[in-house]
1. Restricting to segment A:121-164, give me the number of residues that are of a type in the set (S, T, N, Q), surrounded by fewer than 21 Cβ atoms within 10 Å (Cβ to Cβ) and within 14 Å of another protein chain (Cβ to nearest Cβ).
2. Out of all the residues in segment B:104-120, which are modelled with pLDDT of 95 or more and within 12 Å of chain A (Cβ to nearest Cβ)?
3. Among the candidates B:R476, B:R435, which residue alone is among the basic types (K, R) and either under 30 Å from B:H132 (Cα atoms) or in the same structural domain as B:A327 (by TED's automatic domain parsing) (or both)?
4. Could you name every one of the helices (runs of 4 or more DSSP H) located completely within segment B:303-380 that has at least 1 residues being polar (S, T, N, Q) and on the phi < 0 side of the Ramachandran plot?
5. When you look at A:L33, is it outside any helix (DSSP H, G or I), surrounded by 20 or more Cβ atoms within 10 Å (Cβ to Cβ) and at pLDDT 85 or above, yes or no?
6. Filter segment A:80-101 for residues that are assigned to a loop (DSSP other than H, G, I, E, B) and either crowded, with 22+ Cβ neighbours inside 10 Å or facing chain B (nearest Cβ under 10 Å) (or both) and give the result.
7. Return the pair list, or none, for Cβ contacts closer than 6 Å from residues in segment A:159-173 that are more than 13 Å from A:P282 (Cα to Cα) to residues that are of a type outside the set (A, V, I, L, M) and not in a loop (DSSP other than H, G, I, E, B), at least 6 apart or on different chains.
8. Residues of segment A:1-23 being part of a strand (DSSP E or B) and away from chain B (no Cβ under 13 Å), which ones?
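The values are calculated or read from the model by the stated rules, or taken from the named source; none is laboratory data. What you see is a predicted model; the values in this text were computed from it and never measured. Backbone-built Cβ (ideal geometry, glycine too); neighbour counts: all protein chains shown.
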Protein chains: 2
Amino acid sequence: MRLKVRFLGLEAGGKSVVVLNRSDAEDLGVSSLGRVRLRSEGRELTAIVNTTTKLIEEGVIGVYEEVRNTLKLSEGEYIDVEISPFPTSVYFIRNKLSGRKLTYDEIYEIVKDMVKGNLSEIEIASFVTALHMLGLDLDEATSLSMAMVKTGNTLNLKGKLVVDKHSIGGVPGDKTTLLVVPIIAASGLTIPKSSSRAITSAAGTADRAEVLMPVNLNIDEMREVVEKTNGCIVWGGSLYLAPADDIFVRVENPLSIDPLLLPSIMSKKKAVGADLLVIDIPCGRGTKVKTIGDGELLAKDFIELGRRLNIKVQCALTYGEQPVGYAIGPSLEAREALKVLMGKEEVLDLIDKATDIAGILIEMSGRDRGKEIAMEVLKSGKAFEKLREIIEAQGGDYNIRPEDLPVGDKRFTFHSDREGFLLWMDNHSLVELARLAGSPRDKAAGILLHKKIGDPVKKGEPLFTIYAERSTKLQRALEELERIYVVGVGKRMEMLIHEVRERPITKKAFVLER
Amino acid sequence: MRLKVRFLGLEAGGKSVVVLNRSDAEDLGVSSLGRVRLRSEGRELTAIVNTTTKLIEEGVIGVYEEVRNTLKLSEGEYIDVEISPFPTSVYFIRNKLSGRKLTYDEIYEIVKDMVKGNLSEIEIASFVTALHMLGLDLDEATSLSMAMVKTGNTLNLKGKLVVDKHSIGGVPGDKTTLLVVPIIAASGLTIPKSSSRAITSAAGTADRAEVLMPVNLNIDEMREVVEKTNGCIVWGGSLYLAPADDIFVRVENPLSIDPLLLPSIMSKKKAVGADLLVIDIPCGRGTKVKTIGDGELLAKDFIELGRRLNIKVQCALTYGEQPVGYAIGPSLEAREALKVLMGKEEVLDLIDKATDIAGILIEMSGRDRGKEIAMEVLKSGKAFEKLREIIEAQGGDYNIRPEDLPVGDKRFTFHSDREGFLLWMDNHSLVELARLAGSPRDKAAGILLHKKIGDPVKKGEPLFTIYAERSTKLQRALEELERIYVVGVGKRMEMLIHEVRERPITKKAFVLER
């Protein structure tokens, strides 16, 4: 059936939706929420059908923005519309539901159909749930990684030794990447870093970097920056590297399950052509991986999956029971990183972590004394100079200064009501406060710590300051602050953690960052 | 936030969708595919958000038909819109994903949120997949049944012994219910029968009955008919009995899994207040339950679940390797049932099955010789008279005659090319042909068999006739007929069933009828 395109100006969160007159839908043999195949000038897309009896007349197809953009449609043009054939990959999903192990070909078919829009959310959710419940063995993880690479863009940096780093996240204020990328690029290795935005955290690396420079590059722009400077820090969202992952994430997040963690991370590293990779696994209370033992098990899987994908992987288990550095929130964090790179501030844990990770990468590339080299590159100002080159190459201001980065002018400082030592900090509460204050959407919102674990504290001394752009949001954060304990100050640890009076509801809800 | 209602005239297949200007959505803190809570004059509904920058301006909320109808909105009125709180039941679903057994309270919370629209398709699909993979024990099946009853309408026929029957389906042409209901009602028992429409079959009982009388009754109209006549045959879709089931089915059908079969059926029986129940389980090749052993296992679960719900259940395993009677398709089947009730036709297997099932119910109610009583009620014309009363009470024509029921005038008769006996029939192929010819949407389309298994066949004798309303649809059926084997005629069974040359893809795809 040929139908005339009408733009609706509606968005459906990434899903492809069209609206048909009910009579046309019946002629096609498709009902509401059924799927049709659209064809226009060699492009193809499967879309979900909504029906109407009045908004759209017969002969017309109303299209959502997602469909308009993917098919590059013009208002009023005619496109081919037919009922979508039943995808074979649904049979493979059913086989998985029956507990069968899937082959590479079957997994590739599922991933391909997913990226093409041929699978519904119901089918994808069911597949992801089955993977979660049955577990994913390393054969399937390898197949999934390869299939996700094959269905997206790849970077193809010819003739270079490509290195990369990734943190599974969970620690607030972790701006390590803003230091590692320039250190590594300045030390002669190539690091094409793509990062994510915050989902449940106060800032993702892409959010932090965006304060310094544009990060929404496409894959060709990214390649150009890397060829010029040996590095980049860009947002992964517009690169179309392993795009299947974005679809999996849409289903995993509401369920707080994450069976595809390994293939998700490793496929993106494979797509940029990484030869050497360090995975940062923050461990401890308030992080995603609670114990060192769990961290080691995860490391083992990363290393083995890397071996199968021909990526040499090392993992770094790092201390994660408090934020890295003092700043939380995009602009505050970018400012802290910039000051450290310029030598204006000495943030010991941040410098330690960045040079550890950079050092491992340098040693993996065949040189000795990696951490020393990393420290030298940082202290000499070469890393800062490299970051300025990258900022300029990505379209930012080469002469950017920490003072230029905005921080919220609505502020509240929390003071200690007793003397002692700072005994603990609650990562989740800090993130919640920062988000209530506006992070990451309000870039200038966040939290600045004045003390860290182990520091002596006098009565009345400031512990942390909350920054916001709008006073209503500062107010929201302050209301929450009344209810929760964020930091603990005392002379010694108290023994009772908390009382359990009735059967608790398990509310653990996080998704590892990718 | 208060927003002004604008009707969009769009339908989303039963889902509640609203469209917000992106700026309002951001102020609410909700993104595309997020959920908002709507309130209008005491009514509440959770809806999925789509965003736009142009179709809907700030201060306005575009509503789909589903939202308009549920909240009974008027164009231009103002309603309260706020971000939907995160439903606790999602935590219970997550617990199920971790393999935990759920309590009644937890299951009730899930079902309640589902019916209120608080759960997304992703969450429901994940829950159903987990139930499928872990299996549902009888405690959970009981909890689910009770929760599904509690979240919907109930019939409440005071002081009557209520009986019911249900077939799990799978056999084409099974118009048994059209006979059982009037036989039972005429024998003095009360049978408030609600039925479904065809999903993948050629006709559901509601489709067959609709040829004879209106079936889209609401619960009050249903009660009135039953109080007047002791019986009814209505469509379950507008009764709101165990409405959670309709939502589960939307998720189960695309996946071809059916973990909720037992609670789904039993909750509806509980909701009409059934005291005694017969479950018909057709067995054999070409049905849903392939072996008698499987049928007995299923029967055991039905009986035990019934015991827990205080419904006395018996099961009838019945022969299902060929259609019941000769007619397939709504109108042809209604015609056959009517003729049998009028004594104008002697369809032995149909009469046998109907009196068996009615007989079991009569004996369960405490009388002896149930099958004889049922046969007497049928042969005496009392059952026919009762059906006419029911037809009239439901708003149909008391004087309806078989000749009044339309049958398609586009026909093709398939003749035998050899002599022998009719050795087998393929249920699935017959259904496929009938559906291609237009069943169940075209009520007059279908198939009439001229021979059944065991009948002697002469060369050139007619085996079956396909009926259609439109010649294009007849043509589609004939094209399929070229490709498939529908019946087998021969002197003796041939030994080779079929060759398997490569690894077959399992395409089994059915859902038991509810």
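1. Number satisfying all stated conditions: 0.
2. If the condition is that a residue be modelled with pLDDT of 95 or more and within 12 Å of chain A (Cβ to nearest Cβ), then B:D105, B:E106, B:E109 are the ones that fit.
3. Numbers: B:R476 fails: either under 30 Å from B:H132 (Cα atoms) or in the same structural domain as B:A327 (by TED's automatic domain parsing) (or both).
Answer to the check: B:R435.
4. Working: elements: B:330-341, B:348-364, B:370-379.
Qualifying helices (runs of 4 or more DSSP H): B:330-341, B:348-364.
5. Numbers: outside any helix (DSSP H, G or I): yes; surrounded by 20 or more Cβ atoms within 10 Å (Cβ to Cβ): yes; at pLDDT 85 or above: no.
So A:L33 fails the test.
6. Start the filter on segment A:80-101 by keeping residues that are assigned to a loop (DSSP other than H, G, I, E, B), which leaves A:84-88, A:98-101.
Passing the criteria: A:F86, A:T88, A:S98, A:G99, A:R100.
7. Within 6 Å, the pairs are A:K160/A:T190; A:V162/A:T190; A:D164/A:K269.
8. From segment A:1-23, those part of a strand (DSSP E or B) are A:2-7, A:10-11, A:17-21; that's our starting set.
Across segment A:1-23, the qualifying residues are A:R2, A:L3, A:K4, A:V5.
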